[in-house]
Amino acid sequence: MKATALLFLSLGVLLTTVAAQNKTAPADPKVAATKQELQPNQQAFLNLPEESRNAFTKHLGEAYRIFQQKRVFETLNELDKASAIFKDSPELCNLRGSCYVEIRSFDKALVEFNKASALSKDNPSILFNIAEVYFVTKEWQKAVDMFEKALKLMPPNDLTFGRLTEFKILLCKKKLGKKDEVAVLSDKHDFLDDSPYYYYAKAIIAYDDKDRAKAEEWLSMAGRIFQNPSSLAPWQDTLIEYGYIKSFYGDAAEKEE
């Protein structure tokens, strides 16, 4: 099964706080200030014995590593080991939700992403993943609401997922029949923009006009300009999930309504 586009939480903050807590040197005022700003679940983690914290980060780090190799069930096994030590980690819940997306268990994925969101409020990465579940399950209004919320919280210079999020909003609004808004979004970025948005927006217009050859021409143009396959993969997967093109894995795409 192909995967949808998902965002992952960095282990950087977690590992930094673990390192700071493990130091035996006198308390640094900056570290103390950081500790005061921690969420309750983060402080609870730091209150664990050093051995437990290290074991948790080891299992979670291994889970991230093997997930990149698409070894989903082994990833879930590592996450279970980490959860037995400390379960209130948004990184853990987010990655478990991503595993469930990989095996198309969207109900379970949504439960995990919502847990992650409760532990890390207003986190755009988690909100994007929740929206993505709504997108692939065709709950268009819920998807657009969550994508728009995530977009407002994303760094303005994050073109990679910012533009992809805008594109998904465009597609959701197409399904919702908001033609005027779709027209505005279709022309939001031009060919000078440093993202595939322009070419994919043109492609869906061609698909809607039943001009598949023209649509494929626009997609080929995007491929020539953005030559890194990984940069185009989430855009391609979005068209597959939406129903414009067939999956590379042979699944018949849903016919565009």
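The values are calculated or read from the model by the stated rules, or taken from the named source; none is laboratory data. Worth saying up front: this structure is predicted, and the values here are computed from it rather than measured. Cβ: placed from backbone, ideal geometry, glycine included. Neighbour counts: every protein chain shown.
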Residues of the range 160-219 that turn out to be over 22 Å from the mean Cα position of the chain (by Cα), free of Cβ contacts under 8 Å to residues at least 12 places away in the same chain and buried (at least 21 other Cβ atoms within 10 Å of the Cβ), as a count: 0
Helices (runs of 4 or more DSSP H) lying entirely in the range 1-114 (those with 1 or more residues that are buried (at least 20 other Cβ atoms within 10 Å of the Cβ) and modelled with pLDDT of 90 or more): 40-46, 50-67, 72-85, 90-102
Residues of the range 52-94 that turn out to be closer than 15 Å to Lys115 by Cα and not hydroxyl-bearing (Ser, Thr, Tyr), as a count: 9
Selected residue (only one of Trp235, Trp218 is under 23 Å from Ile130 (Cβ atoms) and not assigned by TED's automatic domain parsing to the domain that holds Asn129): Trp235
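Grab the helices (runs of 4 or more DSSP H) fully contained in the range 120-207, keeping just those with 1 or more residues being over 29 Å from Leu95 (Cα atoms). Give the derivation first.
Values: elements: 124-136, 140-153, 159-175, 179-186.
Here the list reads 159-175, 179-186.
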